[in-house]
Amino acid sequence: MEYDCLIIDDEELLADSTAEYFNLFGVKTAAAYCASDCRKFFDENTAKLLLLDINLGDGSGFTLCRELREKTKIPILFISARTSDDDKIIALNIGGDDYIQKPYSLGVLLAKVKAVLRRLGGGTDTEYSDGRLRVDFNAKRVSVQGNTVRLTSLEFKLLSYLIKNENRVVSKQELFEKVWEDKFTGDGTLNVHIRKIREAIEKDPGRPEYIMTVWGDGYRFSGGRQ
């Protein structure tokens, strides 16, 4: 059987509740509680994405990651209550794609997982909707609380790119290359477009809740997709 996501965590209640939550929102998810469970799972099933805890009852998530990396390039997101920077460095260096701190928000984690699946081509979303903001990617239409808001073609393209990379920090350089298709677009131009989008969709453009500035890095779209 093919799954979107496999959670491997020896905290069984947490793994089960996370899997149940993901399934409610259309992300087909299974749970495993140790490294041996993970191996058995892959004997009969496939998954597009792994959420892997560092501490497992029968070994280390690091060891399991190294083992899996010999066979597959499946995205692996580490989840852990450990806060050591060394752990984060090891996780990324051995093939992990991200490091997520426990306790985590299920909504934020779901958004991150959906974003990864979309980048893999596994997502079929044609719109973003969180009950307040709705963006129809095919019709190129944006509405806030049911009221249509007007964006230029470039503003819509910029907003769409940020949404499709939801909860990931997107660098200015990446936006220049992917949205403008021009490596030499200036910061001033980008800032103006971000400001106009915020004026159109934010409750308070001066205190944005959707498009967050990550100083020195770029921007991150923080949503609550339904």
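The values are calculated or read from the model by the stated rules, or taken from the named source; none is laboratory data. Worth saying up front: this structure is predicted, and the values here are computed from it rather than measured. Note that each Cβ is placed from the backbone with ideal geometry, even for glycine, and that neighbours are counted across all protein chains shown.
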*List every residue pair whose Cβ atoms sit under 7 Å apart, with the two residues 6 or more apart in sequence or on different chains, where the first one lies in region 9-27 and is farther than 16 Å from Leu50 by Cα and in the same structural domain as Arg82 (by TED's automatic domain parsing) and the second, anywhere, is among the aliphatic types (A, V, I, L, M) and at pLDDT below 90.*
Phe25/Leu110
_Boolean, Asp182 is exposed (fewer than 11 other Cβ atoms within 10 Å of the Cβ), more than 30 Å from Asn23 (Cα to Cα) and in contact with a Phe, Trp or Tyr (Cβ under 7 Å, 6 or more places away or on another chain)_ = yes
*So which of Asp10, Asp53 ends up being of a type in the set (D, E, K, R), touching an Asp or Glu at 6+ places or on another chain (Cβ under 8 Å) and farther than 23 Å from Leu120 by Cβ?*
Asp10
*Of the residues in region 131-154, how many are of a type in the set (Gly, Ala, Ser), within 24 Å of the chain's Cα centre (by Cα) and not in a loop (DSSP other than H, G, I, E, B)?*
1
*asked:* It is to be established whether one or more residues within region 202-209 are exposed (fewer than 15 other Cβ atoms within 10 Å of the Cβ), in a loop (DSSP other than H, G, I, E, B) and among the acidic types (Asp, Glu).
replied: yes
*What pairs come up if the first residue lies in region 164-182 and is free of Cβ contacts under 8 Å to residues at least 12 places away in the same chain, the second is in a helix (DSSP H, G or I) and surrounded by fewer than 20 Cβ atoms within 10 Å (Cβ to Cβ), and their beta carbons are under 8 Å apart, counting only those six or more places apart or on different chains?*
Asp182/Phe176
